[in-house]
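Chemist: My structure is below; once you've seen it, I'll send some questions.
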Amino acid sequence: MTMRPIDVSWLRGEYGEECYSFIYIRATPEEVVARLGGRWEGFTPDPLPEEPDDYPRPGEPLGVTSIGDWTFVFDPDWIGTQEDVITKLSEGTRLVSQAALSIKGLDYFHWCENGEIRFCFGCDNEPLEEEPDEIVDVMTEIDKLYPSSSYFYKGPAFLLVEHLTGIRVTEQLLKSSTFMWGVVPEPSGS
């Protein structure tokens, strides 16, 4: 396997204070919205906002779109960092979530399979005792590409997402997708 670094400057750059939270679930958008307690008929189509300053803020609608067999969720409330929510969302499938707020040094990553966290990384999470066998080689490769990067969001997280989902997230991919935007109930315990 040969990995290439990924350009994520479009998420940082001049908008370095902005946060992002992405969830990838191998399920249909309708299934994901239902699992989150939302009503699909209440979602409306629109593209991803052009400027990071216009991205949704907490309490605003989240966006979902299909990418192959996966649903990509642009999550303004960081649902993807709430372990009780993502483990439930992952029941019967695979879920990967990543979130960052670079100005505060917040950096989260979760990989779940069928209701169980397989790997996590984050500022308030201790990494699991050891990396699952499925990602040992890819993590070695990522460490070679990003030897001095202490922040997962500066590229390593995106390479691990690509390995686990087959999706190489780029600005072009997201901006060329039609998202369905809507509100889901706030998870209990938030």
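Chemist: Can you pull out the residues in segment 143-168 that are over 22 Å from residue 26 (Cβ atoms) and either touching a Lys or Arg at 6+ places or on another chain (Cβ under 9 Å) or assigned to a helix (DSSP H, G or I) (or both)?
Modeler: 143, 144, 145, 146, 153, 154
Chemist: Now for a separate question. Just give me the residues in segment 40-68 being at pLDDT 90 or above and loosely packed, with under 13 Cβ neighbours inside 10 Å, in sequence order.
Modeler: Scanning segment 40-68 gives 41, 44, 45, 46, 68.
Chemist: Starting from segment 130-141, take each residue that is of a type in the set (D, E, K, R) and list its partners that are surrounded by fewer than 11 Cβ atoms within 10 Å (Cβ to Cβ), counting only C-beta distances under 7 angstrom and pairs at least six apart or across chains.
Modeler: 137/1; 141/1
Chemist: Which residue out of 128, 145, 106, 173 is closer than 25 Å to residue 51 by Cα and modelled with pLDDT under 90?
Modeler: Exactly one of 128, 145, 106, 173 is closer than 25 Å to residue 51 by Cα and modelled with pLDDT under 90, namely 106.
Chemist: Just checking: which of the strands (runs of 3 or more DSSP E) contained wholly in segment 16-96 hold 2 or more residues that are free of Cβ contacts under 8 Å to residues at least 60 places away in the same chain?
Modeler: So the answer is 70-74.
Chemist: Something else now. I'd like the full set of residues that are part of a loop (DSSP other than H, G, I, E, B) and either in contact with a Pro (Cβ under 7 Å, 6 or more places away or on another chain) or more than 16 Å from residue 109 (Cα to Cα) (or both), limited to segment 169-190.
Modeler: Answer for segment 169-190, where residues must be part of a loop (DSSP other than H, G, I, E, B) and either in contact with a Pro (Cβ under 7 Å, 6 or more places away or on another chain) or more than 16 Å from residue 109 (Cα to Cα) (or both): 170, 176, 177, 183, 184, 185, 186, 187, 188, 189, 190.
The values are calculated or read from the model by the stated rules, or taken from the named source; none is laboratory data. In this text, all values refer to a predicted model and were calculated from it rather than measured experimentally. Methodologically, a virtual Cβ is constructed for each residue, glycine included, from the backbone with ideal geometry; neighbour enumeration extends over all protein chains shown.
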